[in-house]
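Step one of this worksheet: look at the structure below.
FYI, it's all coordinate maths here, none of it is from the lab. Since the structure is predicted, the reported quantities are computational estimates derived from the model, not experimental observations.
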């Protein structure tokens, strides 16, 4: 990244770390074997994939779980809901929330069209799901409760341990989408009562196109992809060896010190931005992703703000990168009770492990200038 | 950048022309809705030239995206000095082509400034008890 550009959009994606590239390199042209092959080239590939599987699983205490490698968060989330739904003989009920990523929400809506019932749990002003609400929604035919581990827009970390406990008390499977939180928030699949968990690689300095789904042993899922029976029969298709090796390296190099570094800078950014008149933080101040700062500024519109910052070399986003071309106010901001006009004036900064104090200082300066400029153009009075 | 805006759009976004409120406007046009993310106010001062009423001065204020700001700025530029009759002929497509085009998704929602201009002229007509178009 060039010295004068500031990247504040690590929740959208991150660059591939050099160490990760190095770990991937051998599996392109040298150890290129198909892990399903019986010869030694195949075994090299198998060795790499199985080591990656063990290492990543260890990170989340997944002794009772199998990690199925997929193409990313979207596939894992499609797989978990569709796979559970179609593993049942009868149609049933699914519980999720109003603040999930689109790949959960769209899959849930797709299942609704095919006869499944879905409950979308509300959240409070800070974006928290109440375990009592979950309990109230559980029915006899509930198949799974799926709650995002940490929200991708406002950064709120959900009380998954309590939510999982409630689900288990009623014999309901518990799934969490940890695309934003994996390696940033400590996760223990057993203690946190998680049966199924979605993870991905490209938000933690790994390659794009790789992800995974942890599945507790014994949980029945219908595959999305049928074929050669790879990944324990859950996911056919020749395994992405280099990507998986890179994913494991990315997980390995993410350390606690990176998390505390990002936390410190995040707090500096939050404290600084809230000095701007008529501004507020969305999400929880305490139970918050280490790299997320999400603000609203009255009387101005988010895209204009993003582009003003972009002109100054600062990359931020209006929310989920996927929705940056849609004109609807974000479903997450609507769910926490923001009025549409308030939701329009929002911006997300997401830091990376390489973010610096100087970058935060420059971001704050440019942010304050941009807000002031746009408020001068705005017809709304302060 | 999430949108491919033309150079002209970006120029107007960076340096909007005729920006600001006009306290003693002869006509004010307000369009849009904060719920949709775009609100535009256009203020006009009407004068006379060769016996015809012209837009002597024009100002705008906009809450909205890059293209909303650029569109309002360009509309004021197109209308300034024109007769009221000519100004009423300025439509969305004229503004968009003067800006070398807008991204398709922005053509309808944020391209409302010509309507704000029309509303401002109608406001002036109403105030001076003339009939609008």
query: To the nearest 10 degrees, how steeply does helix A:160-169 sit against the main Cα axis of chain A, on a 0 to 90 scale?
result: 50
task: For helix A:256-273, report the angle its Cα long axis makes with the longest principal axis of the Cα atoms of chain A; keep it between 0 and 90° and round to the nearest 10°.
output: 30
- request: State the extension gain, in nm to one decimal, for the chain segment bounded by residue A:354 and residue A:61, taking 0.36 nm per residue of separation less the distance between their alpha-carbons.
  value: 102.7 nm
task: Treating the angle as unsigned and between 0 and 90°, give the value, to the nearest 10°, between the Cα long axis of helix A:302-311 and the longest Cα principal axis of chain A.
output: 90
query: Highest GNM mean-square fluctuation, chain A, Cα pairs closer than 10 Å: which of A:225, A:281, A:196?
result: A:225
